[in-house]
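A short worksheet on the structure shown next.
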Amino acid sequence: MGTGGAVSQRTQDARRQERLLREQWHAARRQALRWDAVGEGERRVLAQLLVLTARGWRLLVDRRWSGTRTADADMLLVGPGGVFVVDVAGGREPADGHAAGLLAATKAAESAVALLGMSPVAVQPVMVFAGQRLDGSLDRIRLLGEHEIGPVLLSQRHRLRVESVRAIADHLERVFPGYVGAAVEQQQQPPAAEPHRPGSPDGLFDLEGLRDAALEGARRAPIEQWMTFLHPDQVALVRRNWSGPARISGPAGTGKTVVALHRAAHLARRTTGRILYVTFANNLPRVQSTFLQAMAPAVADRVDFRSLHSWAQEFLQERGTPVRLHKDKAETAFSLAWKNVGRQSRLASLDPVPTYWHEEIDYVIKGRGLTRFEEYAAVPRRRRRASLHRAHRQAVWELYEAYESLRAERGVHDFNDVLSLALAEATRRREGPPYAAVIVDEVQDLTLVGVRLLHALVGDVPNGLLLVGDGQQTVYPGGFRLTDAGIDIRGDRGQVLRTNYRNSKQILDAALTVVADDAFEDLDGLRTSGRRDVDLTYHDGHVVRVTRPTVDAHDRELLDALRSLPEGALADTALLCPSTRAVGDYQRLLTQAGIPVCQLDHYDGRAVEAVKLGTYHRAKGLEFKNVFLPRYDAVPGPGTPPGTAVGTETSETARERAELLRSRLFVAMTRARDLLWLGSVTTG
């Protein structure tokens, strides 16, 4: 067909759609006239919603609708975008009774759909103003004019499949018998009947089937949409009322971050204050903010997504506390301290690499807020393997004091100083909590001072502090227990997720093999085996192992594998490396091969047709359908000396480094959902 023919066909299609829409509108108007107790404006709104029913939506209308009530919602609308609790107002401003009644009806609808395993973020209250043009919000209520209601509802991101819409609407009609189903009636050819499904008699539905359908639909969606999918079994955690600080833990792939995101939306709808959602990494807040905007746009601006250090710097600036954070100058100060004090001390005999002792200062001394040697001499050095006698600790303390002196001479702060200053400010000036709630993701990567700071913002108020994370996925040295921070998780305020929704058995087994011999201590102080038992929901993943004699041959196999992915799959693919240097090498390789790349440092959670490229660290908290790990075997295997990654040392500090590297590799491997590609180069 030529260009002219194609344009003509599009014109005919457009006219046909216009005629169909006009027919639907007139049919809806005729049906709306049956509601003779409401005014003309309310009928126009009803007609618009009736038109949606010709597009697969389901509408339930209160049998008592008169246009004058102030206690309940007028309609319940279920469609691809979720469940909408609708109240129609005739004036220009929402009456207090209307708003209160609408929120009460919304809460009842949330409880009803929770029985089906739906997240509360899928239920949205909407107030429509007949005869007005409006698009705004009042707390969690979306305020729309009659001209905006149709386009806004049709533009909602699809959450529900057709069978889910039908099942949820049928369920709501049973739960709320005061509402009657209404749909546009047209004199046209009836649609073909759907085939009868065994085990699903008319009027009933299979709850497990509905859950499975939702899970399968999410898997087919782009990875960004999958990462916000809340499994029905997790809904109760999102809605739970906790009497104080709470913690959600669990192995990789069990949906901890997803629960935390939905919890943030839930709390934003239940409170008037702001919610702080904080994590250690700089790139994650950008991604998580994008996800919440897609999940719950009505409350997304009530949640602040921040990295811990950027938030602390801004907090100090607002309080007028001067901060001079200068990483390079602080690093220079430590290098001089090691040269002047550490290199000739007994520390060099334990580990001549100054990095280990820099970490000791960062994560054990300053990370725990220790200010006196006697405190350091007695403190348990959690997750640190090297045994330090008192004389060794004295040498570390002398190195620390030399570093602090040189840093102070340069008039600069390091990252630990920022958190310590913020903690002092937060505890010194109490002007009421700045946040209604604080959610901490990847809490195991924070220092003790960082956790104390976030705890200080909300204290022990109900639903105030939620800590999310898993000790097995630690990528930084050192550690602590929540009791060290004065946080008491009692009873059911400590929840462990045990079902992996992300990884297939093949992928998870490959990842667990790496850390099988590395028992770890979680924040609760319990020693846990490296190979944990989990329930799996996914069994279709693949692990591909490629070994080649040279780096060039290995990289050619990598490029061939990337090129052989199905069309559009690069958007759901990541290539992860253990170091920034390796990231640079593969950035050049992929660019020269014409394969588009998106650095994880710049990824914001929006789908982009490019390979996501970054370090193992930067991949934390993210998921991908396909993960490629080139030369992954540079990380030492379980129970072996450090090997190729860190030489042939067998010291306690070397074993600690090897264990941490394996933990990072485990994190990278468990980012994969469908395909894990493991490349290696033989050395013999």
Mind checking whether some residue in the range 435-447 is more than 28 Å from P251 (Cβ to Cβ) and either under 31 Å from the mean Cα position of the chain (by Cα) or outside the structural domain of K256 (by TED's automatic domain parsing) (or both)? yes
Count, please, the residues in the range 100-157 that happen to be assigned to a helix (DSSP H, G or I) and among the charged types (D, E, K, R). 2
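Residue-by-condition table, conditions (1) surrounded by 22 or more Cβ atoms within 10 Å (Cβ to Cβ); (2) closer than 16 Å to S310 by Cα:
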| site | (1), (2) |
| --- | --- |
| V418 | yes, yes |
| E431 | no, no |
| A436 | no, no |
| V451 | yes, yes |
| H455 | yes, no |
| P462 | no, no |
| V468 | yes, no |
Check A294, A298 and return the single one that is outside any helix (DSSP H, G or I), touching a Lys or Arg at 6+ places or on another chain (Cβ under 8 Å) and in contact (Cβ under 8 Å) with a residue 40 or more places away in the chain. A298
Residue that is farthest from F666 (Cα to Cα), among those in the range 572-594 that are among the aliphatic types (A, V, I, L, M) and surrounded by 19 or more Cβ atoms within 10 Å (Cβ to Cβ): L590
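The values are calculated or read from the model by the stated rules, or taken from the named source; none is laboratory data. Owing to the predicted nature of the structure, the values given are computational and were not obtained by experimental measurement. Positions of Cβ are backbone-derived with ideal geometry, glycine not excepted, and every protein chain shown enters the neighbour counts.
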